[in-house]
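Read the structure below first, then the notes.
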Amino acid sequence: MIYRSLLLISFLFAEVALGQDCACAPLSFTYTFDLTAGCSDSLDGKDGVDESTCAILTNSTDEVPAGGITDAVVLTLDENGNSLGTATFNDLGPALTGDSIEFVSNVTSEAVGGYQLILTGTDSAGLDVQQTVAVTLGSDCNIFPVLEAGDELGWGSFTDVGSSSMEFCPNQFECSCSPSAFTFTVRLSGGCNVSIADEDGISEDTCTINAGDDVTDTTPMALTRINLIETGEDGRPVNSEDATGGPFFDGDTFTYTSVSSLGGGSMPYGLQINSFASNALEQEFNQILAIVYSLDCLAYPVIEAGDVLGWLEVSAAEDPRDELCPISPQAPSSAPSGAGPSASPAPSILEEEPSVSPSVSPSLIEDPTASLAPSTDGTMAPSESPSESPSAADEPTAVPVDEPTAVPADTPTSAPTTVPPTTPGA
């Protein structure tokens, strides 16, 4: 048997700025009774938990509520231990081992710092026995979930633990805070420099310059083709586009619009830039540069003006779409929610070697694999009302044109792998 209650606190947006503490307490949980558990506590010493306590008050020497739990109170606490609201479960039946109370909270106008539960029951002789348990949580943005299914505290354990507030614990979700559009300037002296390699918004990066044995100088005089590929969650391309207006010389500029600008939750998980060059002797070679985004909701900006990506410099970067990056300046008063983060995969690799070829038309996979659509239900209807409430893609294939350039066999294996650029006639 499950008893439900709803604690509703009015919604106000609260932006978590970079560097601030977080409040990653869950906004819902089911507490399942085990009347013989005494003051069990598996939270003591757990990462993300500052303190957990348990006390039993009784008029007899019997501390076991053998007669069942008749009433329960759940207090939502702020970061200082003060109550933000109270939900009361009356006339529980009484509740016995295996029965549960289900608590749902919409506390978003305040940071939730923990919970206190007051459980009242009777012992085998019918005398009152009461237990008070409390847990206060830490403020580390990188520890989530803090409470998990199976965590024990007092006469029960937490089960079916929900997510935390997006506003106060954004790192539990995946965000796309990379730019929605780029302006690039060609910098032929950039080499394989990736200036954002150590930034929080980047989880992996790689850059290689590939040339045949007959190429005597890999100093580019011009870029004959620039192919940009954005990859999705599975590492497959979700957008592939060639820069127009080539060949490109030092100081030339071009723009690229990200698949994230399309809306509908489309978001890139990585970016690969394939630049084809020629030297003073008109010998051809290429550079393949790839980055994988960390999808960290607190990492903003990910890429900005002045950042260097090999032979290209970012001269302008447009803000990400607000629904994909709640910490960005244009973020609205509501933010996306979704499943917890998974490790960002590196782009998959195709064995064909990239070949130098003319520009091709952009190819867009119509059904991008990555999405971030809101999925968290905001409220649940109670069956027991609170006694009081607080106040207010198709993968591109590479068909060599003329003689393909040789790729060195000692490509690093610790960095993300890459996919070849699209080529005509594929």
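Taken together, the residues in segment 117-142 that are part of a loop (DSSP other than H, G, I, E, B) and acidic (Asp, Glu) amount to 2.
Have a look at Ser52, Ser124, Ser83, Ser139 and point out the one that is hydroxyl-bearing (Ser, Thr, Tyr), open to solvent by 40 Å² or more (accessible area, probe 1.4 Å), under 30 Å from Phe173 (Cβ atoms) and touching an Asp or Glu at 6+ places or on another chain (Cβ under 8 Å).
Details: Ser52 fails: open to solvent by 40 Å² or more (accessible area, probe 1.4 Å); Ser124 fails: under 30 Å from Phe173 (Cβ atoms); Ser83 fails: touching an Asp or Glu at 6+ places or on another chain (Cβ under 8 Å).
Checking each option against the conditions leaves just Ser139.
Glu304 satisfies every condition listed in (1) surrounded by 24 or more Cβ atoms within 10 Å (Cβ to Cβ); (2) assigned to a loop (DSSP other than H, G, I, E, B); (3) among the acidic types (Asp, Glu) except (1). Being surrounded by fewer than 21 Cβ atoms within 10 Å (Cβ to Cβ) and out of contact with any helix residue (DSSP H, G or I) (no Cβ under 6 Å at 6 or more places or on another chain) is a property that does not hold for Ser105.
Out of everything in segment 151-169 that is modelled with pLDDT under 95 and open to solvent by 30 Å² or more (accessible area, probe 1.4 Å), what residue ends up being farthest from Leu57 (Cα to Cα)? Before you say what the answer is, go through the steps one by one.
Going residue by residue through segment 151-169, those that are modelled with pLDDT under 95 are 159-169.
So of that shortlist, the ones also open to solvent by 30 Å² or more (accessible area, probe 1.4 Å) come out as 159-161, 163, 168.
Numbers: Thr159: 25, Asp160: 28, Val161: 28, Ser163: 32, Phe168: 35 Å.
Looking at the filtered set, the residue picked out is Phe168.
Of everything in segment 300-352 that's modelled with pLDDT under 80 and hydroxyl-bearing (Ser, Thr, Tyr), which residue is nearest to Gly270 (Cα to Cα)? Working first, answer last.
If we filter segment 300-352 for residues that are modelled with pLDDT under 80, which is where we start, we get 326-352.
With hydroxyl-bearing (Ser, Thr, Tyr) added as a condition, the list becomes 328, 333-334, 337, 342, 344, 348.
Values: Ser328: 19, Ser333: 27, Ser334: 26, Ser337: 21, Ser342: 14, Ser344: 9, Ser348: 11 Å.
This residue is Ser344.
All of Arg236, Arg225, Arg321 fail the test of being of a type in the set (Lys, Arg) and under 30 Å from Cys22 (Cα atoms), apart from Arg321. Looking across segment 261-282, just one residue is open to solvent by less than 10 Å² (accessible area, probe 1.4 Å), of a type in the set (S, T, N, Q) and part of a loop (DSSP other than H, G, I, E, B), and that is Asn279. If you go through segment 244-260 and keep only what is loosely packed, with under 15 Cβ neighbours inside 10 Å and hydrophobic (A, V, I, L, M, F, W, C), you end up with just Phe249.
The values are calculated or read from the model by the stated rules, or taken from the named source; none is laboratory data. As the structure is a prediction and not an experimental result, all values here were calculated from the model. Positions of Cβ are backbone-derived with ideal geometry, glycine not excepted, and every protein chain shown enters the neighbour counts. The protein model used for the area step is the full one, side chains on, heavy atoms only, and it has no ligands, DNA or RNA in it. Shrake-Rupley method; radii C 1.70, N 1.55, O 1.52, S 1.80 Å.
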